[in-house]
Amino acid sequence: QEFGFGTGLATAPSETELKPPPMYRVVLMNDDYTPMDFVVEILMVFFNMNDQQATEVMLTVHTKGKGVCGVFSKDVAETKALMVNDYSRQCQHPLLCEVEVAE
Ligand code: TYC
């Protein structure tokens with residue numbers, strides 16, 4: 001019996017093998033109304049990006065439809081998405097932030 005996380009790559013893990021918990025992507029969705037500056041502000045304030053990183057991610061969302069803000073544990077990802085959506089609604093923007101399992 002192997003203890004710990006092992007490689008996490010076993011194709012047929014035994015019932016008792018421990019796997020690391022899944023990580024979660026926080027993603028921003030594009031829309032036609034939220035100002036670009038507001039999205040950049042969100043990325044800087046909630047995801048600790050500098051102006052250049054934030055602008056890059058914002059433009060990815062704008063051109064491709066969605067973009068990754070970061071990868072976190074489940075709790076942190078869900079809390080960040082809630083905070084972004086609450087703040088966006090407070091500011092009356094339709095910006096949508098979602099959480100996806102990263103596997
Ligand atoms: N598409 C928006 C505009 O043209 C900008 C935008 C970018 C909105 C990213 C949402 O997640 C978003 N003003």
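Every read-out reported here was derived from the displayed coordinates using simple, explicitly stated rules and does not represent laboratory data. Since the structure is predicted, the reported quantities are computational estimates derived from the model, not experimental observations. Quick reminder, even Gly has a Cβ in these numbers, built from the backbone with ideal geometry, and neighbours come from all protein chains shown.
A few points about this structure:
- Here is the list for the range 23-99: chymotrypsin sites (Phe, Trp or Tyr not before Pro) lying in DSSP coil, each with at most 14 other C-beta atoms within 10 angstrom of its C-beta, are Tyr33.
- Evaluated with a Cβ-only charge set (Lys, Arg +1; Asp, Glu -1), the chain carries a dipole of roughly 40 debye about its Cα centre, given to the nearest 20.
- Global geometry of the range 24-101, whether rounded, prolate or oblate, following the gyration tensor of its Cα atoms and the 1.5 cut on a/c: rounded
- Using θ = phi - 60° and Karplus 6.51 cos²θ - 1.76 cosθ + 1.60, couplings along the range 21-27 (whole Hz; Gly, Pro as x): x, x, 9, 10, 7, 9, 10
- Counting only alpha carbon atoms, the long axis of helix 51-64 and the longest principal axis of the chain meet at about 90°.
- Straight-line cross-link partners of Lys19 among the lysines, defined as a Cα under 21 Å from its Cα and at least 8 positions apart when in the same chain: Lys74.
- Each of Glu103, Glu41 has some number of other Cβ atoms within 10 Å of its Cβ, and from fewest to most they run Glu103, Glu41.
- The range 24-101, relative contact order in percent, only Cα pairs under 8 angstrom and at least six apart counted: 51 percent
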